[in-house]
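Reviewing the structure listed below.
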Amino acid sequence: MKLIFVGDVMLGRTVNAFLKHQPPDYPWGNTLSILKMADFRICNLECVIADIGESWPGKTFAFRTDPKNVEVLKIARFSPVSIANNHSLDFGSQALEQMINILKVTSINFAGAGLDISEASMPSAGDSEVGMIAFTDNEPDWAASERQAGVFYLPVDLEDKRAKMLFEIVKKVRSDVKVLIVSAHWGPNWGLYPPKEHISFAHALVDAGVDIVFGHSPHVVRGIEIYKGKPILYSTGDFIDDYAVDEVERNDQSFIFMVEFKHYKFKKLTLFPTVIRDCQARLAEGSEAEKILSKMKNLCDFFNTPVILNRGILLIHLH
């Protein structure tokens with residue numbers, strides 16, 4: 001079984017403008033051939049799919065894409081998607097509700113936000129092989145409750161009661177799926193190395209039975225750790241957006257992360273380098289690909305993760 005992970009997929013603003021006159025496969029550039037190699041494709045949806053609501057007061061960046069653009073996800077067969085992030089309520093709870101309805105109608109499984117805390121903390125539905133729980137430590141004011149729509153918010157603090165709720169859910173659903181993923185939209189936008197609390201939190205998740213930790217929110221990729229035979233993707237970076245590029249941290253560079261399982265046990269991780277150009281994801285080539293691969297190899301060295309460079313891709317095997 002193969003699962004593909006990509007980082008933040010932001011279809012609002014300029015990307016939304018492109019999609020008014022481009023086909024729905026436009027944002028995926030020339031990556032679809034790789035995406036189609038997997039059994040499941042998973043991303044963080046860094047915008048709200050809606051055409052209602054007012055932008056959240058005082059928020060600098062608000063990302064919304066037209067309802068028809070759910071076809072972008074559908075054409076690439078992304079499911080489940082994480083909607084636990086700092087943009088799902090950019091246009092209020094009614095817009096969030098509209099997006100949830102759109103995802104349900106189009107049979108795209110999701111996790112991380114809902115009309116109440118029960119739905120927001122619920123694992124993605126619809127498949128007994130793969131299940132995903134999604135949370136964020138961004139936007140505490142958006143936390144879902146028994147009477148309020150919102151995201152599954154919790155601080156990255158093992159002693160916090162909201163974090164303990166996450167671990168209780170992991171324990172409860174562990175036996176319901178073959179592969180259990182926790183999606184974490186966590187931490188600040190920048191920095192090539194994860195905070196210490198992310199490392200200890202990710203380790204605790206694996207200890208609790210999680211098979212893959214899928215991190216995002218930082219605009220850059222971070223090194224990969226194999227902990228007790230399980231992959232931890234601390235940050236998968238940006239995959240599609242219209243953001244200004246930081247020439248040092250290079251938020252336009254990322255990967256397609258393909259995780260392979262045999263008998264539901266992790267065996268191999270293949271990284272295909274990508275770059276954002278004209279609001280679409282493209283496979284990196286030549287010297288640019290070499291630089292992206294070399295950077296990731298160095299970042300993985302931080303975790304003593306052995307990697308193999310092989311003809312324009314990066315391989316991590318379970319030894």
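The values are calculated or read from the model by the stated rules, or taken from the named source; none is laboratory data. A quick note: this is a predicted structure, and the numbers were derived from the prediction, not measured. As a convention, Cβ positions derive from the backbone with ideal geometry for all residues, glycine included, and neighbour counts pool all protein chains shown. All accessible areas refer to the heavy atoms of the entire protein, side chains included, with ligands and DNA or RNA removed. Shrake-Rupley method; radii C 1.70, N 1.55, O 1.52, S 1.80 Å.
Of the residues in the stretch 60-72, how many are outside any loop (DSSP other than H, G, I, E, B) and free of Cβ contacts under 8 Å to residues at least 60 places away in the same chain? Explain how you work it out, then say what you get.
Just the residues of the stretch 60-72 that are outside any loop (DSSP other than H, G, I, E, B), to begin with: 64-65, 67-72.
From the residues that got through so far, the ones that are free of Cβ contacts under 8 Å to residues at least 60 places away in the same chain too are 64-65, 67-71.
Total satisfying the criteria: 7.
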Please state which one of SER33, SER82, SER88 is surrounded by fewer than 16 Cβ atoms within 10 Å (Cβ to Cβ) and modelled with pLDDT of 95 or more. SER33
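Just to check your reading of the model, which residue among ARG282, ARG250 is open to solvent by 20 Å² or more (accessible area, probe 1.4 Å) and free of Cβ contacts under 8 Å to residues at least 60 places away in the same chain?
Working: ARG282 fails: free of Cβ contacts under 8 Å to residues at least 60 places away in the same chain.
After applying the criteria, what remains is ARG250.
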Condition broken by GLY126, with the remaining ones in (1) outside any loop (DSSP other than H, G, I, E, B); (2) within 20 Å of PHE5 (Cβ to Cβ); (3) over 17 Å from the mean Cα position of the chain (by Cα) satisfied: (1)
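Residues are listed down the side, and each one gets a yes or a no for (1) part of a helix (DSSP H, G or I); (2) open to solvent by 70 Å² or more (accessible area, probe 1.4 Å); (3) within 30 Å of TYR264 (Cβ to Cβ):
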position: VAL15; (1), (2), (3): yes, no, no
position: MET37; (1), (2), (3): no, yes, yes
position: ASN44; (1), (2), (3): no, no, yes
position: SER55; (1), (2), (3): no, no, no
position: GLY58; (1), (2), (3): no, yes, no
I'd like to know if the stretch 92-108 contains one or more residues that are assigned to a loop (DSSP other than H, G, I, E, B), touching a Gly at 6+ places or on another chain (Cβ under 7 Å) and not aliphatic (A, V, I, L, M). no
Strands (runs of 3 or more DSSP E) fully within the stretch 264-318 counting 2 or more residues that are of a type in the set (A, V, I, L, M, F, W, C) and out of contact with any Phe, Trp or Tyr (no Cβ under 9 Å at 6 or more places or on another chain): 265-277, 308-310, 313-317
Of (1) buried (at least 23 other Cβ atoms within 10 Å of the Cβ); (2) at positive phi, ALA111 fails just (2)
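Sort through PHE272, PHE261, PHE302 and tell me the only one that's among the aromatic types (Phe, Trp, Tyr), touching a Lys or Arg at 6+ places or on another chain (Cβ under 7 Å) and open to solvent by 10 Å² or more (accessible area, probe 1.4 Å).
Numbers: PHE272 fails: touching a Lys or Arg at 6+ places or on another chain (Cβ under 7 Å); PHE302 fails: touching a Lys or Arg at 6+ places or on another chain (Cβ under 7 Å).
Matching residue, one of PHE272, PHE261, PHE302: PHE261.
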Residues located in the stretch 145-184, provided they are among the small types (Gly, Ala, Ser), open to solvent by less than 60 Å² (accessible area, probe 1.4 Å) and either closer than 20 Å to PHE201 by Cβ or assigned to a helix (DSSP H, G or I) (or both): ALA163, SER183, ALA184
